[in-house]
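**Student:** Please find one structure pasted underneath; my questions will follow.
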Amino acid sequence: MSKNKLSTEPYKGVRDFYPEDQALLNYIIKTWRDTTERFGYVEYGASILESAELYRSKGADNEEIIRDQSYTFTDRGEREVTLRPEMTPTVARMVAGKRRELGYPLRWYSVPNCFRYERPQRGRLREFWQLNADIFGTRSPAADAEIISLAYEIVRAFGGKPEDFEIRLGSRAYMESVAAELELDDATKNKMLELLDRRNKMPEAEFVKALDELGVPHGRVLGGDTPQDVADVLAVLESLGVPNAKYDPSVVRGFAYYTGVVFEVFDTHPDNNRALFGGGRYDNLTQLFDDEPLPGIGFGMGDVTIRDFLDVRGLLPAYMPATKVYIAVAAPEVATVALQLAGELRGQGVAVAVDFGERKLGDQIKVATKHRVPWLIVVGDNEISSGTFGVKNLDTGATEQKTRAELASFFLNL
C-alpha cells in the first residue's frame, strides 16, 4: 500500500456494519426490545460518556477496568472521562438521581453500545451492543425469577430450544458466608471468587490445588445443599415452566457489586460451549450516590455472543433488504417519469429504489440482483404510453403485467 493511502480496515476490535451486518444487528435489537417490552419494561438511555470516577467508586469493582480495560481520557476541562464499559453503574446513578420520583418495582431496559479495551477474541470485541434489563425496588425472589425467565424467553425468541442452553445459578451471599466462616481476609476472599469464576476455563486438578493453596476446602465451596436464596428462585422458575435452570456453585460473576443470586446462561453446543451472558442481584449499588440502599437485579446480553449462538445453530436470519422494488429505466430521459412512479408507490407505503439510466438495462438489472431487491419494474416509452408495466420476480424470473393504478396494491398484498 502506498504510504499516502489510508487503510480501509476498521480500528482493531470494532466492526463496520455493511447492510447485511446492520440488518442482523437490527434483528437482534428488535428481538431484545419486543421480548423485554412484553414483560413490562420501558426503555431508557444515557450518554456514552461517563465520569471515570463512577467506575472507581467503592463497590463497582472497576479499578481494574479503568486501569486495564477502559477507554479513559482527560477532556479539555481536565476532567477524566470514560467510554462506558457497562451500563449497570449508569442506571444506578440515574435511578438514585430521581429515587423519590419513580414508582417501584421499577422495570427498565436499554440497548447501549459499550467499549472495553481488551484482546479481541471469539465472543469478545472492544465495541459491542448490549441489552440491559433491571428491576429496582424489590428483594423478592420472584423478581430474581422474573429477570431469569426474561433471559430464558429472549433466547427462546431467537429460536433457541431449552436443550440449546443452560441457566446456572450461584449465590454471592452464600460465598460471602463461607468466606466469613473461614475467616478469609478480603484479598483471599477475592482470589477465591476469581478462582470460582474461572473454574470452567482451567483443569479441575489445577482449580482444586489453587483452592488448597488459599486454605479453602474444596468441598466447602462446591459441596453441600443448594443455598436457600437459590432454592427459592429455582422453585419459582420451575413454576414458570423454565426447565433448564440449576444450581452451580462456581457461578459467582466478576463484579463485586453483586450481593445475592447470580446467574449465567451457557451455550450447550460443542462448537460454542461457553457462557453467553449473565447477571445477578445487587442490593447496595445506589449507596454510591446516597445513604439509602435500593435493591436491584438485572442482566446484560451482548450482541456478539448471541450472534455466535445463532450462527452455530443455523438460526441467523436470511438478509432481506427493506427495498422491495427496483425501477430500471430504458433511457436516461425517462428517469423523471421513473422518479414520479416511485413517488406514487412510496406514498402508499412501498419501498422503492430508482436507477437513473446511466448504464445499459442489463447492467441495471444486475445491480437490482446484487442488492437482493426481489421485484423489478422497467420504465420505457412503451410502458409510459400504455400505462402498463411488467413486474418481474427476480428470484423466479416470472413477470406479471400491472396497470399503474394496480402496482401499489400488488406489492402491498404480497
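The values are calculated or read from the model by the stated rules, or taken from the named source; none is laboratory data. All values reported here derive from a predicted model rather than from experimental measurement. Here Cβ is always computed from backbone atoms with ideal geometry, including for glycine, and neighbour counts include all displayed protein chains.
**Student:** Residue by residue through region 74-109, note down the ones that are assigned to a helix (DSSP H, G or I) and of a type outside the set (Gly, Ala, Ser).
**Tutor:** 88, 89, 90, 91, 93, 94, 95, 99, 100, 101 - these are the residues of region 74-109 that are assigned to a helix (DSSP H, G or I) and of a type outside the set (Gly, Ala, Ser).
**Student:** Does residue 229 count as among the charged types (D, E, K, R), over 20 Å from residue 300 (Cα atoms) and outside any helix (DSSP H, G or I)?
**Tutor:** Spelling it out, it is not the case that residue 229 is among the charged types (D, E, K, R), over 20 Å from residue 300 (Cα atoms) and outside any helix (DSSP H, G or I).
**Student:** For the structure I just gave you, tell me whether residue 274 is more than 22 Å from residue 109 (Cβ to Cβ), charged (D, E, K, R) and touching a residue at least 60 places away in the same chain (Cβ under 8 Å).
**Tutor:** Yes: the conditions hold for residue 274.
**Student:** Please go through region 1-40 and give me each residue that is more than 16 Å from the chain's Cα centre (by Cα) and under 20 Å from residue 154 (Cα atoms), ordered by number.
**Tutor:** Across region 1-40, the qualifying residues are 38, 39, 40.
**Student:** Only one of 238, 213, 194, 206 is modelled with pLDDT under 95, in a helix (DSSP H, G or I) and under 30 Å from the mean Cα position of the chain (by Cα). Can you tell me which?
**Tutor:** Of 238, 213, 194, 206, the one residue that is modelled with pLDDT under 95, in a helix (DSSP H, G or I) and under 30 Å from the mean Cα position of the chain (by Cα) is 194.
**Student:** Is it the case that region 347-354 has a residue that's in the same structural domain as residue 404 (by TED's automatic domain parsing), assigned to a loop (DSSP other than H, G, I, E, B) and surrounded by 14 or more Cβ atoms within 10 Å (Cβ to Cβ)?
**Tutor:** Among the residues of region 347-354, at least one is in the same structural domain as residue 404 (by TED's automatic domain parsing), assigned to a loop (DSSP other than H, G, I, E, B) and surrounded by 14 or more Cβ atoms within 10 Å (Cβ to Cβ), which makes the answer yes.
**Student:** Looking at region 180-193, I want the residues that are farther than 15 Å from residue 222 by Cβ and have a partner that is assigned to a helix (DSSP H, G or I) and not charged (D, E, K, R) with Cβ atoms under 7 Å, at least 6 apart or on another chain. Which pairs are those?
**Tutor:** 184/192; 188/214; 189/179; 191/214
**Student:** Exactly one of these conditions fails for residue 161: (1) over 16 Å from residue 278 (Cβ atoms); (2) crowded, with 17+ Cβ neighbours inside 10 Å; (3) at pLDDT 95 or above. Give me its number.
**Tutor:** (2)
**Student:** Mind checking which residues of region 58-115 are at pLDDT 90 or above, among the charged types (D, E, K, R) and under 25 Å from the mean Cα position of the chain (by Cα)?
**Tutor:** 84, 86, 93, 107 - these are the residues of region 58-115 that are at pLDDT 90 or above, among the charged types (D, E, K, R) and under 25 Å from the mean Cα position of the chain (by Cα).
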